[in-house]
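Okay, structure first, notes after.
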Amino acid sequence: MMYRYDEHDLRLVQERANQFRDQVRRRISGELTEEEFRPLRLQNGLYLQLHAYMLRIAIPYGLLSTTQLRRLAHIARRYDRGYGHFTTRQNIQFNWPKLEDVPAILDELASVEMHAIQTSGNCVRNITSDPFAGAAKDELVDPRPWCELLRQWSTFHPEFAFLPRKFKIAVTAATQDRAAIAVHDIGLRIVRQGGELGFEFWVGGGQGRTPMLAEKIRDFVPARHLLSYTEAVLRIYNEDGRRDNKYKARIKVLVKETGVEEFRRRVEAEHERIAGTEALRLHEAELERIARHFVEPPYEARSESLEALLLNKDRALARWAKANVLPHKRPGYAIVQLSLKSADLPPGDVTHEQMYAIAVLADRFAFGHVVVTHRQNLVLRDVRVVDLPALHAALAPLGLATPNVGRPSDVIACPGLDYCDLANARSIPVAMEIQERLLRIEEEHEIGALSVNVSGCINACGHHHVGNIGVLGIDKQGEEFYQVMLGGSASETPALGKVLGRALAPSEVVGGVERVVSTYLKLRQDEEESFLAALSRLGPDPFKEALYGPHPTKASAA
């Protein structure tokens, strides 16, 4: 079901926790200055934010056991303020740990095979994947063993511990891209060619100050060359990437400045040179060792389908099933998404009580596993269709049955200026008010998939560039303003949103987004026409008028 640490893994994370305990002691005593302590804490996922330290914990490809989720709930209750924040990288953050408690938290994590290693710094970050991996009807194979292979290869890789900038890898094996590979430094799609398994290689995607979509540099890399080809890409980036300007240090800038053809040539030459390296060779025994950790759970032979549930007389149950429940590859089972976008908490936040309760429900209904999505929701991957009414009844009083996954009120948001010292504007209050307004619209109208993403600064932790509606907080002469952009998508047909016009004041932006959605509902051809299809057909003018009025001011330089 999921990878389990061996003796080497356990010793590694425990030794790291012990080392950090002494480093924290020296920082508290004054033996280390904050500047001297900074690289040490970043190697352990500890940031110094606007008001306090923040600890980011790795959740490889988003997969959690209920034992791990209970431990996270315990940490939230004992060491934080009673909640955790699930991120767009399928990780979890604690925003208020005391510095002196962090070594104890790392010990707690190590006891359940978790850590905070490489969740920060200029290294290969948490490997992400399709949150439905292993259960999706449209996947070629389960991508998680390959994610785990990449995780083991990249953790503590001596050559890639100090890259020009942070580096993110995503893997999918499905027809529908739920891993957003086009906006990653490396995006991998598992494909089959002539009966052989391999990978499409996409390189140079990313958001932030200079958003770019990845370029495909290879149609097919045989599976046996996955590590050697990935290493070749990283070597070229490590050698040629900019180190003189952090704003131009990501691999996307190198690919653009070099040109994709020349970049491909350099990678191919490097790969030819290192492909025979024994340490990079994939042996069948090693692949089988990792794959054994991802066997299917003991499914029953069942035949119930979701269709009957969608017509259930219980309207709340039927609405929830239509929005949050998806077909499973196995008959009689379903994929259930738990919305973390209610009116009560910021997007992605979960209380320790909710974490404990989700763990209980996952043990009862989903073989003891929970998955984090990059849209800041959770997934119970293997639920029997016959159990869905009971699961819904249990989720509703927990505030976890909002029927809005993939709908406009399923808003992504970064922590923004409430927590982050890099932010220019608050994102949480804006996101929560947008969420509340759009939930009311959804109660009156049938709305399909439509994403609204909010970031508090140009770093784009809220993925505003790839939201169908993106909201970016900016600073204008010391005041908070918000740009609105339309047309972004992180799907298999990716696109970057375009700014509609002038930046809006906080008092204008929520109503503006609401009017954009209302305009779409008014002008769409029918309920089947998506927001992006309507935008393509109508152009931006009707939405610009909805946002600004009949005579909008032209876009400002901001």
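Could you tell me whether residue 341 is in a helix (DSSP H, G or I), touching a residue at least 40 places away in the same chain (Cβ under 8 Å), under 25 Å from residue 436 (Cα atoms) and among the basic types (Lys, Arg)? No: the conditions fail for residue 341.
Of the residues making up the range 393-424, those that are within 23 Å of residue 91 (Cβ to Cβ), in a loop (DSSP other than H, G, I, E, B), touching a helix residue (DSSP H, G or I) at 6+ places or on another chain (Cβ under 7 Å) and of a type in the set (A, V, I, L, M, F, W, C) are 400, 405, 411, 423. Screening the range 1-42 for residues that are within 17 Å of residue 120 (Cβ to Cβ) and charged (D, E, K, R) and picking the one that is surrounded by the fewest Cβ atoms within 10 Å (Cβ to Cβ) gives 35.
Is it the case, given these coordinates, that residue 165 is under 17 Å from the mean Cα position of the chain (by Cα) and among the basic types (Lys, Arg)? Considered against the rule, which asks whether it is under 17 Å from the mean Cα position of the chain (by Cα) and among the basic types (Lys, Arg), residue 165 comes out as no. Of the residues making up the range 269-288, just one is loosely packed, with under 10 Cβ neighbours inside 10 Å and outside any helix (DSSP H, G or I), namely 276.
Exactly one residue out of 250, 224, 266, 235 is surrounded by 16 or more Cβ atoms within 10 Å (Cβ to Cβ), over 24 Å from residue 207 (Cβ atoms) and within 27 Å of the chain's Cα centre (by Cα), and it is 235. Among the residues making up the range 123-170, those that are farther than 25 Å from residue 42 by Cβ and not in a loop (DSSP other than H, G, I, E, B) are 139, 144, 145, 146, 149. Restricting to the range 335-390, and then to whatever is among the acidic types (Asp, Glu) and under 20 Å from residue 321 (Cα atoms), can you tell me which residue is surrounded by the fewest Cβ atoms within 10 Å (Cβ to Cβ)? Once the filter is applied, the top-ranked residue is 387. Go through the residues of the range 170-177 one by one and say whether even a single one is surrounded by fewer than 22 Cβ atoms within 10 Å (Cβ to Cβ), in contact (Cβ under 8 Å) with a residue 60 or more places away in the chain, out of contact with any strand residue (DSSP E or B) (no Cβ under 7 Å at 6 or more places or on another chain) and closer than 25 Å to residue 13 by Cβ. For the range 170-177, residues surrounded by fewer than 22 Cβ atoms within 10 Å (Cβ to Cβ), in contact (Cβ under 8 Å) with a residue 60 or more places away in the chain, out of contact with any strand residue (DSSP E or B) (no Cβ under 7 Å at 6 or more places or on another chain) and closer than 25 Å to residue 13 by Cβ: absent.
When restricted to residues that are out of contact with any Ser or Thr (no Cβ under 9 Å at 6 or more places or on another chain), of a type outside the set (A, V, I, L, M, F, W, C) and within 18 Å of residue 124 (Cβ to Cβ), the range 243-288 contains 3. When residue 543 is tested against the conditions (1) surrounded by 14 or more Cβ atoms within 10 Å (Cβ to Cβ); (2) of a type outside the set (D, E, K, R); (3) over 23 Å from residue 439 (Cβ atoms); (4) at pLDDT 95 or above, the lone failure is (3).
When residue 184 is tested against (1) within 18 Å of residue 466 (Cα to Cα); (2) touching a Cys at 6+ places or on another chain (Cβ under 9 Å), exactly one condition is not met: (2).
Scanning the range 488-521 for residues that are basic (Lys, Arg) and over 20 Å from residue 435 (Cα atoms) returns 498, 502.
Quick check: is even one residue across the range 474-497 in contact with a Cys (Cβ under 6 Å, 6 or more places away or on another chain), part of a loop (DSSP other than H, G, I, E, B) and either without any contact (Cβ under 8 Å) to a residue 40 or more places away in the chain or surrounded by fewer than 24 Cβ atoms within 10 Å (Cβ to Cβ) (or both)? Among the residues of the range 474-497, not one is in contact with a Cys (Cβ under 6 Å, 6 or more places away or on another chain), part of a loop (DSSP other than H, G, I, E, B) and either without any contact (Cβ under 8 Å) to a residue 40 or more places away in the chain or surrounded by fewer than 24 Cβ atoms within 10 Å (Cβ to Cβ) (or both), which makes the answer no.
The values are calculated or read from the model by the stated rules, or taken from the named source; none is laboratory data. The structure presented is a predicted model; accordingly, all values stated were derived computationally and were not measured. No Cβ is skipped: glycine too gets one built from the backbone with ideal geometry, and neighbour counts run over all protein chains shown.
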